[in-house]
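Have a look at the structure below, then the notes.
The values are calculated or read from the model by the stated rules, or taken from the named source; none is laboratory data. What you see is a predicted model; the values in this text were computed from it and never measured. Note: ideal-geometry Cβ built from the backbone for every residue, glycine included; neighbour counts use all protein chains shown. In case anyone asks, the SASA skips ligands and DNA or RNA and just uses the protein heavy atoms, side chains included. Shrake-Rupley method; radii C 1.70, N 1.55, O 1.52, S 1.80 Å.
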Amino acid sequence: ISMMQPNESTRRILAEGRFVRMVEDDGWEWAERVKVAGVVAVAAVTPDGELVLTEQYRRPVAARVIDLPAGLAGDVAGAEDEPLLEAARRELMEETGYESDRWELVTEGPSSPGMTTEILTFFLARQARQTGPGGGDGSEDIAVYSVGLNGLHPWLEGKRRAGVLIDPKVYAGAYFALYY
């Protein structure tokens, strides 16, 4: 197994935006996250055993996607050092209108290691309750669902058959909700 690391002397920046930089090194191209403290995803479970999900149009895949509440930490001016748990709380409330007093950091790891340097931190929010409207930050059009874990697979399959993409992190979130 090769333990090759990027070579700073041959590394080239191909393009850079507000939160993503495209890099090439020795024929490999990838995206780096920049100007953020991290990326969070939340598996929020209600007292009735429902997983809180979002559905929104995602431009990169040109489709509506079912996913977990998620987002960037430290992407707001003045809050560049935002702790990951605070970002998870903020994203859950902003996107879904839910909050929780029972949070656990479950795991962290690469979201797509062949494509990006992004490290995703998963949180589990138990006893989640809806206290706000959700729907996103004004630039987002987010539908919110709370789906019983025992009926999650057929519900997701119905969405998939209707042409909605399912982010695989939803399945990881269901696993954490059931077994963690």
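Observations, loosely collected:
- Looking across segment 165-180, not a single residue is part of a helix (DSSP H, G or I), among the hydroxyl-bearing types (Ser, Thr, Tyr) and either touching a Ser or Thr at 6+ places or on another chain (Cβ under 7 Å) or touching a residue at least 12 places away in the same chain (Cβ under 8 Å) (or both).
- Within segment 42-58, the residues that satisfy the criterion of being surrounded by fewer than 23 Cβ atoms within 10 Å (Cβ to Cβ) and either modelled with pLDDT under 95 or in a strand (DSSP E or B) (or both) are GLU50, GLU55, GLN56, TYR57, ARG58.
- Scope segment 150-164; condition touching a residue at least 40 places away in the same chain (Cβ under 8 Å), hydrophobic (A, V, I, L, M, F, W, C) and in a helix (DSSP H, G or I); matching residues: LEU152, LEU156
- Leading residue by the ranking (modelled with the lowest pLDDT) among those in segment 123-132 that are over 11 Å from TRP103 (Cβ atoms) and touching a Ser or Thr at 6+ places or on another chain (Cβ under 9 Å): GLY132
- The single residue among GLY114, GLY109 that is open to solvent by 50 Å² or more (accessible area, probe 1.4 Å), out of contact with any Asp or Glu (no Cβ under 9 Å at 6 or more places or on another chain), under 30 Å from ARG21 (Cα atoms) and not acidic (Asp, Glu) turns out to be GLY114.
- Among the candidates GLY163, GLY173, GLY148, the residue that is at pLDDT 95 or above and either more than 18 Å from GLN127 (Cα to Cα) or among the aromatic types (Phe, Trp, Tyr) (or both) is uniquely GLY163.
- Residue count, segment 59-68 (criterion: surrounded by fewer than 16 Cβ atoms within 10 Å (Cβ to Cβ) and either within 16 Å of the chain's Cα centre (by Cα) or of a type in the set (Val, Ile, Thr) (or both)): 3
- Any pair with Cβ under 6 angstrom, 6 or more apart, that starts in segment 121-138 at a residue that is in contact (Cβ under 8 Å) with a residue 12 or more places away in the chain and ends at one that is outside any loop (DSSP other than H, G, I, E, B) and of a type in the set (Phe, Trp, Tyr): PHE123/TRP103; LEU124/PHE176; ALA125/TRP103; ALA128/TYR98; GLN130/TYR98
- When ALA31, ALA79 are screened for being surrounded by 11 or more Cβ atoms within 10 Å (Cβ to Cβ) and in a loop (DSSP other than H, G, I, E, B), only ALA79 passes.
- Selection count where residues are closer than 19 Å to VAL61 by Cα and surrounded by 14 or more Cβ atoms within 10 Å (Cβ to Cβ), scope segment 144-170: 8
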